[in-house]
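Below is one structure, written out as structure tokens; the observations come after it.
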Amino acid sequence: MTVVRIAGKVVNSTTSVSTTAVPIPATAATGRIFTMVKNNGASTVYLGDANVTSSNGMPLEPGDVLSFDLKQEVILYGRTASGTSDVRSLEGV
């Protein structure tokens, strides 16, 4: 497990993810240094760039949590193969 020390604050958000790729979170926190995402829904969410599909994306199964060292400029996208899933995110700034 990686421990990230945050000098500022944590920003939380919820993103509704369906069959069209959307940014997670919708807007990156200013000065972000990392992002943690949890699939809080019932459908698998596929993570990647703006062209993510169920064939090329990294699967985030229901209940799974992933952490990324993502700067503010990097946009993480998610989509489902079918249905809608609730994705929660925490960003450290």
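With respect to Ser89, determine if the residue is part of a strand (DSSP E or B) and exposed (fewer than 14 other Cβ atoms within 10 Å of the Cβ). Quick ask: steps written out before the conclusion?
Values: part of a strand (DSSP E or B): yes; exposed (fewer than 14 other Cβ atoms within 10 Å of the Cβ): no.
So Ser89 fails the test.
From Ser67, Ser16, which residue is touching a residue at least 40 places away in the same chain (Cβ under 8 Å) and under 11 Å from Val87 (Cα atoms)? First the steps, then the outcome.
Working: Ser67 fails: under 11 Å from Val87 (Cα atoms).
Matching residue, one of Ser67, Ser16: Ser16.
Out of Gly83, Gly63, Gly31, I need the residue that is at pLDDT below 95, part of a loop (DSSP other than H, G, I, E, B), open to solvent by 20 Å² or more (accessible area, probe 1.4 Å) and small (Gly, Ala, Ser). Which one? Walk me through how you get there before you give the answer.
Working: Gly83 fails: at pLDDT below 95; Gly63 fails: at pLDDT below 95.
Answer to the selection: Gly31.
Under 9 Å between Cβ atoms, which residue pairs at least 6 apart in sequence (or on different chains) link something in segment 25-51 that is free of Cβ contacts under 8 Å to residues at least 24 places away in the same chain with a partner that is surrounded by fewer than 21 Cβ atoms within 10 Å (Cβ to Cβ)?
Listed pairs, sorted by first residue: Ala26/Ser13; Ala26/Thr15; Thr27/Ser13.
Sort out which residues of segment 34-60 are open to solvent by 50 Å² or more (accessible area, probe 1.4 Å) and not in a strand (DSSP E or B), and write them in order of number. Outline the logic, then answer.
Going residue by residue through segment 34-60, those that are open to solvent by 50 Å² or more (accessible area, probe 1.4 Å) are 36, 38, 40, 42, 49-51, 54-56, 58-59.
Across segment 34-60, the qualifying residues are Asn40, Ala42, Asp49, Ala50, Asn51, Ser54, Ser55, Asn56.
The values are calculated or read from the model by the stated rules, or taken from the named source; none is laboratory data. Computed from a predicted model, the values in this text were never measured in an experiment. As a convention, Cβ positions derive from the backbone with ideal geometry for all residues, glycine included, and neighbour counts pool all protein chains shown. Surface accessibility is based on the protein's heavy atoms, side chains included, excluding ligands, DNA and RNA. Shrake-Rupley method; radii C 1.70, N 1.55, O 1.52, S 1.80 Å.
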